[in-house]
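Below: the structure, in C-alpha cells.
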Amino acid sequence: MKKSLLIFLSLSLTMLAAIFLLLTSGNDLNKTESEKPLVLSMTASVEIPESMHFAGEKITFDRYDKHERMDRELNSFTYFHSTTLLLFKRANRIFPVIEPILKQQGVPDDLKYLAVIESSLDYRAVSGAQAAGLWQFLQSTAKQYGLEVGPEVDERYHVEKSTEAACKYLKDAYRKYDSWSGAAMSYNGGQARITNELNNQGANEALDLWLAEETTRYYYRMLAIKQIFEHPQQYGFILKPTDLYKPMEFRKVNLTSSIPDLVAYAQQNQITYAQLKDFNSWLRSNKLSNASGKTYTILIPTEESLFYRKGKQPKVHNRAWVVQ
C-alpha cells in the first residue's frame, strides 16, 4: 500500500512538472535562441557550444574528446547549483581586485577563471597538498615568485601579491609553450611534467596530451565556468544584485614597525580580530614581528563596508550576472 502511494505521488509530481513546463513554455515563444534558457528541467543535458574563445585562443568542440570533456564540466557546473551560485557571489567581490592586476601585468582577463577553478575564489583555501590562497601556490613556488612565506607572514593568502605572482608564473609558462592553454595546464600539472609529456608523446600542444585526470579536466573546467559566467540565465542561474557579495572598501595602513598584539591592534582600529584576519589573511599569527623594517600594508575595512544596508544594493561588477 505504501509503495503504491509513493508511486502515485511520484507520478503526480512528474505530471505537475510537465504541466508547469507546458504552461510556461509559451513565455519563450517570442525570445531569440540566445535568450531561451538551455536548461528546462533537472534532467536536461545542456547544449555544448560549437566553439569558444579563451584568452584569445579558439577551441572547437567537434572532436569527440574535446566535446565530451566540455560536456562533463558544463553539466557539472550547471547542476552543482550551490557551488556555482557561491562563485558568482564571491566573484562580485574578488574580480574587481584581480582584473586590474591581470591587465597591468599583460595577462589575458580570461585567466581570472583559473583562480575560480583553483580556490573557488576563497583566498583562505588550503589544499590537501598544502597549496594555499586564491591561486593555490605551493610553498616552494611561492618563494620562487617573490612571495614571503613564514610562520607570521604568508603572502600566498595576500590577494594582490599572490595575483601578481600568478601572473609572473603564467607569463613564464606562456613564453615556454606559446599558448595560454599550455600555460594554464602547466599551472596545475607543473611545467616539467607538461614539457616532458610533450616530448614523450610527440604532441604539439598540451590539450592533446594524456595526463592525470585532474590536469586533463583543468582547462575544460575553466572553459565551462567562463561560459556560465557569461551566459548565466541560459544555464538556469538567476541572481538579483542583493544576492551578490558586496565589494569591500578599506583604509590602508602602511607599517614598517612590529605589532606585538594583533587583537589589541584590531580593537584600536574599531574592528574585531576576526575581521582583521579575514581581510589580512596573510597574517598567520597573533603578532607581526618586523625586525627588518619591511613595509606591510594592513587593510582596515570601513564601517560602511561591514554592513548590508536595507534598501541599498551593492555594486554589481557584471550586469550579465543579475536580473533586475
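The values are calculated or read from the model by the stated rules, or taken from the named source; none is laboratory data. For clarity, every value in this text was computed on a predicted model and none was experimentally measured. Ideal geometry is used to build each Cβ from the backbone, glycine not excepted, and the neighbour counts take in all protein chains shown.
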Odd one out for Tyr308, checked against (1) touching a residue at least 40 places away in the same chain (Cβ under 8 Å); (2) under 19 Å from Gln268 (Cα atoms); (3) exposed (fewer than 13 other Cβ atoms within 10 Å of the Cβ); (4) not hydrophobic (A, V, I, L, M, F, W, C)
(2)
Could we say that Ser140 is assigned to a helix (DSSP H, G or I), small (Gly, Ala, Ser), surrounded by fewer than 22 Cβ atoms within 10 Å (Cβ to Cβ) and in contact (Cβ under 8 Å) with a residue 40 or more places away in the chain here?
no
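So, in the stretch 82-104, how many residues would count as being in contact (Cβ under 8 Å) with a residue 40 or more places away in the chain and either surrounded by 17 or more Cβ atoms within 10 Å (Cβ to Cβ) or over 19 Å from Ala166 (Cα atoms) (or both)? Spell out the reasoning first.
Start the filter on the stretch 82-104 by keeping residues that are in contact (Cβ under 8 Å) with a residue 40 or more places away in the chain, which leaves 84-85, 87-98, 101-102.
Checking the rest, the ones that are also either surrounded by 17 or more Cβ atoms within 10 Å (Cβ to Cβ) or over 19 Å from Ala166 (Cα atoms) (or both) come to 84-85, 87-95, 98, 101-102.
Looking only at that region, the number is 14.
Hey, among Ala183, Ala173, Ala166, Ala192, which residue is among the aliphatic types (A, V, I, L, M), in a helix (DSSP H, G or I) and loosely packed, with under 15 Cβ neighbours inside 10 Å? Walk me through how you get there before you give the answer.
On the way: Ala183 fails: loosely packed, with under 15 Cβ neighbours inside 10 Å; Ala173 fails: loosely packed, with under 15 Cβ neighbours inside 10 Å; Ala166 fails: loosely packed, with under 15 Cβ neighbours inside 10 Å.
Result of the check over Ala183, Ala173, Ala166, Ala192: Ala192.
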Condition (residue is in contact with a Lys or Arg (Cβ under 9 Å, 6 or more places away or on another chain), at pLDDT 95 or above, among the aromatic types (Phe, Trp, Tyr) and over 28 Å from Lys294 (Cβ atoms)) applied to the stretch 112-126: is it met by at least one residue?
yes
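Table: residues versus (1) farther than 30 Å from Met248 by Cα; (2) modelled with pLDDT of 95 or more.
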| site | (1), (2) |
| --- | --- |
| Leu13 | yes, no |
| Thr32 | yes, no |
| Val39 | yes, no |
| Phe80 | no, no |
| Pro96 | no, yes |
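To keep it simple, each residue is scored yes or no on (1) at pLDDT below 95; (2) closer than 30 Å to Met70 by Cα; (3) within 25 Å of the chain's Cα centre (by Cα).
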residue	(1), (2), (3)
Gln201	no, yes, no
Ala224	no, yes, yes
Tyr235	yes, yes, yes
Arg251	no, no, no
Asn254	no, no, no
Ser258	no, no, no
Leu262	no, no, no
Asn269	no, no, no
Asn280	no, no, yes
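When you scan the stretch 184-193, do you find a residue that is within 22 Å of Ile94 (Cβ to Cβ) and hydroxyl-bearing (Ser, Thr, Tyr), even just one?
Initially, the stretch 184-193 is screened for residues within 22 Å of Ile94 (Cβ to Cβ), giving 184, 187-188.
Then drop every residue that is not hydroxyl-bearing (Ser, Thr, Tyr), which leaves 187.
Yes, there is a match, as at least one residue in the stretch 184-193 is within 22 Å of Ile94 (Cβ to Cβ) and hydroxyl-bearing (Ser, Thr, Tyr).
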From Phe250, Phe279, which residue is free of Cβ contacts under 8 Å to residues at least 40 places away in the same chain, closer than 29 Å to Asp109 by Cα, in contact with a strand residue (DSSP E or B) (Cβ under 6 Å, 6 or more places away or on another chain) and of a type in the set (Phe, Trp, Tyr)?
Phe279
